[in-house]
Amino acid sequence: MAKEIDFELRLEQLKQDLEKFQMFSIRKAFKAIDYQNNKIIDEVSIRRFLKRVGHQPLKAELTAIMRRFDLDGDAKLSFREFAEALTPIQPDVIQNPFRHSMQTNSHLGNTLNTIQDNLRSQDAGSIQARPV
């Protein structure tokens, strides 16, 4: 239970951090992951995006991401679902002393950090892609 709470707190903090970047756009982030311009994001799109930015996601991570953010259960993230996933519940709601003690060295924590770092890079104009 504590791991799940830590994960939710870390996720909310990441959302808040992204929101602070003036040049960050949820729409641009969606398009960066939706590489085929299908207007949806699926596990294949997420895997491809993460591999392009140098992260090798585990199947369990991809499943967890989809399970967490796919609100209608169709195994695809619409723009609405994606936007809701990246929008903080309430800006700066997390101001707790435990934030720095959250587990960030797990593989899923590293995946969240990779996503955040590469979505931030859009401020500089593009995703830092590596060949797949």
State all residues of the stretch 1-29 that are more than 19 Å from GLU61 (Cα to Cα), out of contact with any helix residue (DSSP H, G or I) (no Cβ under 7 Å at 6 or more places or on another chain) and part of a helix (DSSP H, G or I); if no residue qualifies, say none. GLN16, GLU19, ARG27
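Return the only residue of ILE94, ILE41 being in contact with a Leu (Cβ under 9 Å, 6 or more places away or on another chain) and modelled with pLDDT of 95 or more.
That would be ILE41, the only listed residue that is in contact with a Leu (Cβ under 9 Å, 6 or more places away or on another chain) and modelled with pLDDT of 95 or more.
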Kindly check whether there is at least one residue in the stretch 54-66 that is among the hydroxyl-bearing types (Ser, Thr, Tyr), in a loop (DSSP other than H, G, I, E, B) and surrounded by fewer than 18 Cβ atoms within 10 Å (Cβ to Cβ). no
Given the condition assigned to a helix (DSSP H, G or I), surrounded by 19 or more Cβ atoms within 10 Å (Cβ to Cβ), small (Gly, Ala, Ser) and touching a residue at least 60 places away in the same chain (Cβ under 8 Å), answer yes or no: does some residue in the stretch 35-49 qualify? no
Going by the conditions given, is ALA32 at pLDDT 90 or above, within 13 Å of the chain's Cα centre (by Cα) and either of a type in the set (Ser, Thr, Tyr) or in a helix (DSSP H, G or I) (or both)? yes
Restricting the search to the stretch 15-34, which residues are within 22 Å of SER78 (Cα to Cα) and without any contact (Cβ under 8 Å) to a residue 60 or more places away in the chain? ARG27, PHE30, LYS31, ILE33, ASP34
Within the set of pairs 6 or more residues apart or between chains, which connect a residue that is within 14 Å of ARG68 (Cβ to Cβ) and modelled with pLDDT under 80 inside the stretch 2-14 to a residue that is of a type outside the set (Lys, Arg) and surrounded by 16 or more Cβ atoms within 10 Å (Cβ to Cβ) with Cβ atoms less than 6 Å apart? none
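Might you check whether a residue that is in contact with a Pro (Cβ under 7 Å, 6 or more places away or on another chain) and not charged (D, E, K, R) occurs anywhere in the stretch 14-31?
So far as the stretch 14-31 goes, yes, one or more of its residues are in contact with a Pro (Cβ under 7 Å, 6 or more places away or on another chain) and not charged (D, E, K, R).
The values are calculated or read from the model by the stated rules, or taken from the named source; none is laboratory data. Remember, it's a predicted structure, so these values are computed and weren't measured experimentally. Using ideal geometry, Cβ is built from the backbone for each residue, glycine included, and neighbour counts are taken over all protein chains shown.
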